């Protein structure tokens, strides 16, 4: 009885985490650039019980002798689905999308320790006041968008008809009617090992690479201008698959109910 109860309690705890993961995916169904996360389950250590008197007496048996008593299952890790989401046309000049998987915009995020370079595919950008006569290109939460050299992008505050080319080059028109090419290009990085990145608030940040024994160059690489795929007046939708998430939710709920029932039966 105790073994059944322990197995069920351990598994129910892990299934609750699975349901929380699925619920988070569903809540971000319409979040721009969101990448769904899924979990992997593994069996916990099992115990081999040799309860047969005549070991090896069964002719033709291919399974191990005796029985294996498990200790439940656990959610070993979660992984991010990096597949691109569907593009949505917005007709807004500061909305940008990336057409290539694992390419991300570089942004400068203010933290308690100072500033940190993070990565996002949420390209709904805005402008924020900068130096005299200039405005910063920022994300929806005010984080500054960086150029290819890691410098915050600034544009003339009186610029209009802003155009972003596929390679990140910025064009704009001045009040005089003259069109100019901006010296800064939108910075784009390729995440070589997305599963190592830390996800938070729709952005990815680098973990402690020293503790992992990995160099930054093995995780992140600059994308050359000719390999960028910036699409203006478009946003990337979430890649959450609604039918898959609902199916995963029902499977987790049924497994939870089964383990809950096993506790009741053991108690009886």
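Read the figures in this text as sums done on the coordinates, not as results from a lab. On a predicted model such as this, the values are computed, not experimentally measured, just so you know. Quick reminder, even Gly has a Cβ in these numbers, built from the backbone with ideal geometry, and neighbours come from all protein chains shown.
Just the Kirkwood number for region 187-239, please: inverse of mean 1/r across all distinct Cα pairs, in Å, one decimal. Mind dumping the intermediate values first?
Working: mean 1/r = 0.0770 Å⁻¹.
Evaluated over region 187-239, this radius sits at 13.0 Å.
Before anything else, pin down the relative contact order of region 88-236: Cα pairs under 8 Å, at least 6 apart, normalised by residue count, whole percent. Don't jump to the answer; show the numbers that get you there.
On the way: 331 pairs, mean separation 47.4, N = 149.
Answer for region 88-236 is 32 percent.
Taking a cut-off of 25 Å, what percent of all Cα-Cα pairs in the chain are separated by more than that?
Details: 20967 of 35778 pairs.
Tail fraction, whole percent: 59.
For a quick check, take a GNM of the chain with Cα springs below 10 Å and name the residue from 77, 208, 112 with the largest mean-square fluctuation.
Comparing 77, 208, 112 in the GNM, the peak value goes to 112.
Using only DSSP helix segments of four residues or longer, with each worth -39500 (n - 2.57), what per-residue ellipticity at 222 nm results for the chain after dividing by its residue count and rounding to 500?
Details: 3 runs with 56 residues, N = 268.
Calculated mean residue ellipticity at 222 nm is -7000 deg cm²/dmol.
Could you give the length gained on full extension between residue 126 and residue 59, defined as 0.36 nm per residue of separation minus the Cα-Cα distance, in nm? It would help to have the intermediate numbers written out before the result.
Details: separation 67, 0.36 × 67 = 24.12 nm, distance 7.45 nm.
Result: 16.7 nm gained on full extension.
For all pairs of alpha-carbon atoms in region 88-236, what percent lies in each bin of width 5 Å, listed from the first bin to the last filled one?
Per 5 Å bin, starting at zero, the Cα-Cα P(r) for region 88-236 comes out as 2, 9, 18, 23, 21, 13, 8, 4, 2, 1, 0 percent.
To the nearest 10 degrees, how steeply does helix 242-267 sit against the main Cα axis of the chain, on a 0 to 90 scale?
Its long axis makes an angle of about 30 degrees.
To one decimal place, what Kirkwood hydrodynamic radius in Å is obtained for region 178-268 from all pairs of distinct Cα atoms? All intermediate terms of the calculation are to be shown ahead of the outcome.
Values: mean 1/r = 0.0540 Å⁻¹.
It works out to 18.5 Å.
Using 7 Å Cα-to-Cβ label points, what is the residue 113/residue 76 separation (nm, one decimal)?
3.0 nm
Please state the relative contact order of the chain as a whole percent: Cα pairs under 8 Å, 6+ residues apart?
Numbers: 536 pairs, mean separation 71.6, N = 268.
Relative contact order here is 27 percent.
Per 0.36 nm of contour for each residue apart, how much would the distance between residue 157 and residue 268 grow if the chain were fully extended, relative to their Cα-Cα spacing?
Values: separation 111, 0.36 × 111 = 39.96 nm, distance 7.43 nm.
Between residue 157 and residue 268, full extension yields an extra 32.5 nm.
Helix 2-27 versus the longest principal axis of the chain: what is the Cα-based angle in degrees, 0 to 90, to the nearest 10?
Approximately 20 degrees, to the nearest 10.
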